[in-house]
1. I'd like to know if the range 117-126 contains one or more residues that are surrounded by fewer than 22 Cβ atoms within 10 Å (Cβ to Cβ) and modelled with pLDDT under 90.
2. If I ask for residues that are within 18 Å of Phe142 (Cβ to Cβ), free of Cβ contacts under 8 Å to residues at least 60 places away in the same chain and surrounded by fewer than 18 Cβ atoms within 10 Å (Cβ to Cβ), which ones from the range 177-214 would you list?
3. How do the pairs read when you match residues in the range 51-64 that are on the phi < 0 side of the Ramachandran plot with residues anywhere that are assigned to a loop (DSSP other than H, G, I, E, B) and surrounded by fewer than 24 Cβ atoms within 10 Å (Cβ to Cβ), using Cβ under 7 Å and keeping only pairs 6 or more apart or on different chains?
4. Given (1) part of a helix (DSSP H, G or I); (2) touching a residue at least 24 places away in the same chain (Cβ under 8 Å), identify the lone condition not met by Met1.
5. Here are the criteria: (1) surrounded by fewer than 21 Cβ atoms within 10 Å (Cβ to Cβ); (2) in contact with a Ser or Thr (Cβ under 8 Å, 6 or more places away or on another chain); (3) assigned to a helix (DSSP H, G or I); (4) at pLDDT below 95. Tell me which single one Lys76 does not satisfy.
6. For the list (1) buried (at least 23 other Cβ atoms within 10 Å of the Cβ); (2) modelled with pLDDT under 95, I need the number of the one condition that Gly92 fails.
7. Of everything in the range 23-71, what is outside any helix (DSSP H, G or I) and surrounded by 20 or more Cβ atoms within 10 Å (Cβ to Cβ)? Give them in sequence order.
Amino acid sequence: MTPFIAEIIGTALLILLGGGVVANVVLNKTYGNNSGWIVITTGWALAVYVAVVVTGPYSGAHINPAVSIGLAIAGKFSWNLVPTYILGQMIGAMIGASLVWLFYKDHFGDTDDADSKRAIFCTAPAIKNLFSNLFSEILGTFVLIFTILYFTGASIDDKQTIVGLGSLGALPVAFLVWSIGLSLGGTTGYAINPARDLGPRIVHAILPIKNKATNNWGYAWIPVLGPIIGAAIAAWLMMLLS
C-alpha cells in the first residue's frame with residue numbers, strides 16, 4: 001500500500017465512522033437517535049483510532065491536511081509529499097461521506113430537519129461569530145498538532161520506515177481527539193481537519209438529498225483556514241521550545 005492510497009483509505013474510514021456516528025444520533029428512526037454529544041465525540045475518537053491503526057504503517061496516518069502541514073513546518077515531513085497527502089485525504093473524505101449517505105439513505109429520507117442532515121457532512125457554528133468561530137478552530141487544532149508533534153512515530157523517515165508503538169500508538173491520538181471534542185468542540189463542531197469538512201461539504205452539495213439545506217459556503221472557509229493556522233502556530237511553538 002502506498003502512502004497516497006493509505007491516506008485515501010484512512011480518511012475514508014475516518015469519515016465513514018465519524019460521519020456515521022453523527023448520522024446515527026441525528027437521523028430519525030435509528031437506534032442511536034438523540035443519544036447526544038458524548039456518543040458523537042466518542043464515535044469520532046474511535047474513528048480516528050481505526051483510521052490510524054490501518055494507515056499508520058504505510059503513511060504515518062496523517063488523515064488531515066493540518067497534520068501534514070504542521071509536520072512539514074516543523075521539519076518532520078517533506079513538503080514535496082504534502083500535496084499528494086492532501087489530495088488523498090480529500091478523496092478519502094469524499095468517499096467516506098458518500099458511504100455514510102448510502103448506508104443511512106432510508107433514514108435521510110425519513111428525516112425532515114435539513115440542518116441536521118447537513119451536520120452529518122460538515123460543521124457549523126452553534127453561535128455565528130466568525131472571529132470566535134475561527135479562534136475555536138485555530139485553538140482546537142493547535143492542541144491537536146502541538147500534542148501530535150510530541151508523539152513518537154508521528155512522521156516517516158527517509159527510508160519510509162514508521163517508528164512508533166504499532167496499534168497501541170493510535171490510542172493516544174484517539175484520546176486526544178476525544179478530549180478536544182469534549183472540551184473544545186461545542187462551539188463549532190470541532191472540524192480541526194480541512195479535508196474532514198470540505199470534502200463532505202462538497203459531497204453534500206452533489207448528492208440528491210431530499211429537503212437539503214444550503215451548503216453554507218460563506219462559513220466553509222473557517223474549518224479550512226482555522227486548522228491550517230492552528231497547525232502552523234503549533235509547529236512554530238514546538239520549534240521555539242525545542
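The values are calculated or read from the model by the stated rules, or taken from the named source; none is laboratory data. Keep in mind the model is a prediction, meaning the values are calculated, not measured. Virtual Cβ from ideal backbone geometry, glycine too; neighbours counted across all protein chains shown.
1. no
2. Scanning the range 177-214 gives Ser179, Ser183.
3. Pairs found: Gly56/Gly164; Tyr58/Met1.
4. Of everything listed in (1) part of a helix (DSSP H, G or I); (2) touching a residue at least 24 places away in the same chain (Cβ under 8 Å), Met1 misses just condition (1).
5. All conditions are met except number (3).
6. (2)
7. Pass one, the range 23-71, residues outside any helix (DSSP H, G or I): 27-36, 60-64.
Hits for the range 23-71 are Leu27, Gly60, Ala61, His62, Ile63, Asn64.
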